[in-house]
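Below is one structure; the comments refer to it alone.
The values are calculated or read from the model by the stated rules, or taken from the named source; none is laboratory data. Computed from a prediction, not measured in an experiment: that's the story for all the values here. Here the Cβ is made from the backbone with ideal geometry for all residues, glycine too, and neighbour counts use every protein chain on show.
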Amino acid sequence: MYFLKYLYQPTIKWNVYKSILIRQHLLYTKTNNNFKVRLKTFLSILSLIYTVPRRIKKTTAQHLIIDNFIAPKHIDLRKEFIVYFKEDVELDNIVLGNHQYYFYRELSFLVLFQCFKIWFKFLIFSGLNLFISHKYPTNFYYYVAANLINAKLMQPKGIYIFQMYDTTTYLTALLFQKEYSNIYLSVSNSFTYAYNRYTELEKVKIILCHQYQEEEVANFIRLGWFNVKSTHLWGPEEIKQHNAIPLQRPQFDIGMYSTGYWARNGRNREKDVEAVRNYKHVNNSYHLEFMELLEKVIVLKDELGLTIKIYSHPLERDWFNNYGIKPPFWDLAIENNIEIDLSGENSLNQLHEVKIGIGSMSTILLDRWHHDLASLILYENKEENQMYQPKFFGNYSNNFFYHLDELKQLIIQHLRMIEKQKK
């Protein structure tokens, strides 16, 4: 992190280093950083000298979104999220800036010179990086440089940064806080523990997207792990979708939410079709955990007379609908008369179909909490689980269970509570 010392400050606290390393370690354990990758980073930064002038556009907007990895079709979701919770910001007063989009309001020689300085520094860093071997990749140099140039060109009144778990995003916020005051950073709709528990952004306002994140972050602050300017509870980033979820009477007692880990290479989507077709990753520990859970629920189905539906992960729906690859639990579900949802419909729209959601490692179970719907999360794979720790969830920790033998009584209790609420 020699470049960070130069850009950020000569003396960096250990907590800052740790907050970067935790993101690097979890995200890039299997990522290659050979000379070819480092050369590509250098050439990408070199190219900014002509790509920025070609892509730059004038704008009257005063607020800037930074998100380096968003699909173009989801840009409006980001804008709608901000406008929904910030009443003083309007849709046409926000633009998305990243390595593909650059905006300015007023240009001056000084601003252009400052942009040139940013580019030149990163060009030097990436040039030196060609001759230095790192454990983790440094291709984020390119994205961070683009973000710094974007903000310098536009001089926004407000900056909204997304995907806090990523090294690019985190370093961008870390460097922005030296110069800009009105910075918001969203933790997104997932567990805070995995990537974000160590955070040193003393001049950045953190957006929390769920109430359970308030519990997590309060614990991290108490432990001295999380140092920020302030925290603000907003709501899910897909707030308009959540508000549009149709209310309906439950059709099933139990909804099982698959994680799709049998179709992943580690945590990432498997790109090799034949590897998925041959169920290469079917022994993934998280998938095996889901299968154990499903088998237990099937036993309880017969014992308690439960109705069950399995909601597949978007990965599984894609493999089934586009390649005809069935999930590995297909036969087991069919044998036990359990419906599997492999439609193209978003599972969010079906939250109210079931009384209790059950699974592990699935963010949709957390989405159910936002709507005051019951979710039970298995936390059995403790040795390998780096994603969350129930002890940090405060009141929500009661929704975790640690052994399959606990499930029967929990289901009975929740079904009784739901029946009482109906009366």
- prompt: Tally time: how many residues in the range 145-159 are not in a loop (DSSP other than H, G, I, E, B) and not aliphatic (A, V, I, L, M)?
  reply: 4
statement: His242: passes all of (1) buried (at least 22 other Cβ atoms within 10 Å of the Cβ); (2) touching a Pro at 6+ places or on another chain (Cβ under 6 Å) but (1)
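Quick one: which residue in Lys309, Lys326 is basic (Lys, Arg) and over 22 Å from Leu415 (Cβ atoms)? Talk me through it step by step, then tell me what you get.
Details: Lys309 fails: over 22 Å from Leu415 (Cβ atoms).
Within the list Lys309, Lys326, the selection yields Lys326.
Could you list, in sequence order, the residues of the range 145-166 that are out of contact with any Ser or Thr (no Cβ under 8 Å at 6 or more places or on another chain), among the polar types (S, T, N, Q) and buried (at least 21 other Cβ atoms within 10 Å of the Cβ)? Don't jump to the end; show me each part of the working.
Restricting attention to the range 145-166, the residues satisfying the condition of being out of contact with any Ser or Thr (no Cβ under 8 Å at 6 or more places or on another chain) are 145-146, 149-153, 155-159, 166.
With the extra rule that they be among the polar types (S, T, N, Q), the set shrinks to 150, 155.
Correct list: Asn150 only.
Output the residue which, of all residues in the range 300-316 that are part of a strand (DSSP E or B) and of a type in the set (A, V, I, L, M), is nearest to Asn336 (Cα to Cα).
Residue satisfying both the conditions and the ranking: Ile308.
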field: Residue match in the range 313-330 (condition: surrounded by 14 or more Cβ atoms within 10 Å (Cβ to Cβ) and over 26 Å from Glu270 (Cα atoms))
entry: no
- line: Within the range 279-294, the count of residues that are of a type in the set (Ser, Thr, Tyr) and not in a helix (DSSP H, G or I) comes to 1
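Got a sec? Which of Val297, Val276 is outside any strand (DSSP E or B), in the same structural domain as Leu373 (by TED's automatic domain parsing) and closer than 19 Å to Gly344 by Cβ?
Working: Val297 fails: closer than 19 Å to Gly344 by Cβ.
Result: Val276 is the single residue among Val297, Val276 that is outside any strand (DSSP E or B), in the same structural domain as Leu373 (by TED's automatic domain parsing) and closer than 19 Å to Gly344 by Cβ.
Can you tell me how many residues in the range 169-185 are touching a strand residue (DSSP E or B) at 6+ places or on another chain (Cβ under 9 Å) and closer than 26 Å to Thr41 by Cβ? I'd like the intermediate steps shown before the answer.
Going residue by residue through the range 169-185, those that are touching a strand residue (DSSP E or B) at 6+ places or on another chain (Cβ under 9 Å) are 169-170, 172-174, 176-178, 180-185.
Still in the running and closer than 26 Å to Thr41 by Cβ: 169-170, 172-174, 176-178, 180, 183, 185.
Here the count works out to 11.
Residue-wise test of (1) buried (at least 21 other Cβ atoms within 10 Å of the Cβ); (2) touching a residue at least 12 places away in the same chain (Cβ under 8 Å); (3) not assigned by TED's automatic domain parsing to the domain that holds Ile308.
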| site | (1), (2), (3) |
| --- | --- |
| His210 | yes, yes, yes |
| Asn227 | no, yes, yes |
| Gly235 | no, yes, yes |
| Arg267 | no, no, no |
| Glu270 | no, no, no |
| Val282 | no, yes, no |
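Of all helices (runs of 4 or more DSSP H) completely enclosed by the range 160-254, which ones contain at least 2 residues that are over 23 Å from Trp369 (Cβ atoms) and of a type outside the set (D, E, K, R)?
On the way: elements: 167-176, 193-196, 211-222, 239-243.
Of the helices (runs of 4 or more DSSP H) lying wholly inside the range 160-254, those with at least 2 residues that are over 23 Å from Trp369 (Cβ atoms) and of a type outside the set (D, E, K, R) span 167-176.
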task: For the range 130-153, indicate whether the set of residues that are assigned by TED's automatic domain parsing to the domain that holds Asn33, aliphatic (A, V, I, L, M) and modelled with pLDDT under 90 is non-empty.
output: yes
